[in-house]
1. Residues that are in contact with a strand residue (DSSP E or B) (Cβ under 7 Å, 6 or more places away or on another chain), touching a residue at least 24 places away in the same chain (Cβ under 8 Å) and closer than 30 Å to residue 71 by Cβ: list the helices (runs of 4 or more DSSP H) wholly contained in the stretch 181-263 that include at least 1 such residues.
2. In contact with a helix residue (DSSP H, G or I) (Cβ under 6 Å, 6 or more places away or on another chain), more than 26 Å from residue 259 (Cβ to Cβ) and either crowded, with 16+ Cβ neighbours inside 10 Å or touching a residue at least 24 places away in the same chain (Cβ under 8 Å) (or both): does that describe residue 58?
3. Quick check on residue 272: is it touching a helix residue (DSSP H, G or I) at 6+ places or on another chain (Cβ under 7 Å), buried (at least 17 other Cβ atoms within 10 Å of the Cβ) and not in a loop (DSSP other than H, G, I, E, B)?
4. Being closer than 20 Å to residue 251 by Cβ, under 13 Å from the mean Cα position of the chain (by Cα) and in contact (Cβ under 8 Å) with a residue 40 or more places away in the chain narrows it down to one of 113, 109, so name that one.
5. I'm trying to understand the selection: among the residues of the stretch 91-107, which are surrounded by fewer than 17 Cβ atoms within 10 Å (Cβ to Cβ) and assigned to a loop (DSSP other than H, G, I, E, B)?
6. Working carefully through the options 199, 225, find the one that is loosely packed, with under 13 Cβ neighbours inside 10 Å, modelled with pLDDT of 95 or more and more than 23 Å from the chain's Cα centre (by Cα).
């Protein structure tokens, strides 16, 4: 009898513990949901996840890039340098919508490097709209495709990037065509090396710094001025894709491409968003 009573007591305690855990998890989930109603990322990620306009801008960019390549092929003379395109990877050719949705579900409103490093090996990237068709067109016409990215997931960084690109079926994904910069985001040295051997028809990116190091500025107005000075290059030499969640535009606001989550930084976001604002008084 004593053993039976003890067993029932243990069983009841287990039920109480499980119920308490479920209640705590539900409360935590509700709290995260409530926080998400004021999350900095919601508008941007909702747009990336659902807007037909987001996809259309990618199709538009790759259509424009294809026209530039077709023009270069038509004008190419015998003996000229072989043609190439140089592209950034993340949020240009590969989209990480799954990761940004994860951040929101965790109640996070700033990029988190630690969870990103756990997510990358999961190989859940998707090809951006139009990317695969464009790159295959280049490969079919003997236009070399070079991938240049800055990432750092430790010693396995290169192999992880290689696997991410191969998984979606992109061409020319090998050691010759992929450059991964771990210690720097300066792509100019790599671009210059490629340009010595190839005529680079177009550069693809989601970040001005993918095109030229001079854009690596921590001043919003200076960055705008630099872009304005190069406005004739966009749609010709440079094809830019939309990315409202991360990039060096954030560095221009915070002085850091991956600012930590804090109320001070949330206030900086608000100030950036209201640089121009109607005052009806």
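The values are calculated or read from the model by the stated rules, or taken from the named source; none is laboratory data. Values in this document were obtained by computation on a predicted structure and should not be read as measured data. Glycine also receives a Cβ, built like all others from the backbone with ideal geometry; neighbour counts cover every protein chain displayed.
1. Because the criterion is at least 1 residues that are in contact with a strand residue (DSSP E or B) (Cβ under 7 Å, 6 or more places away or on another chain), touching a residue at least 24 places away in the same chain (Cβ under 8 Å) and closer than 30 Å to residue 71 by Cβ, the helices (runs of 4 or more DSSP H) in the stretch 181-263 that meet it are 188-197.
2. no
3. no
4. The match here is 113.
5. Passing the criteria: 106, 107.
6. None of the others qualify; the one that does is 225.
Yes/no matrix, rows are residues, columns are (1) modelled with pLDDT under 95; (2) closer than 30 Å to residue 143 by Cα:
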site: 16; (1), (2): yes, no
site: 39; (1), (2): yes, no
site: 62; (1), (2): no, yes
site: 67; (1), (2): no, yes
site: 78; (1), (2): yes, yes
site: 82; (1), (2): no, yes
site: 89; (1), (2): no, yes
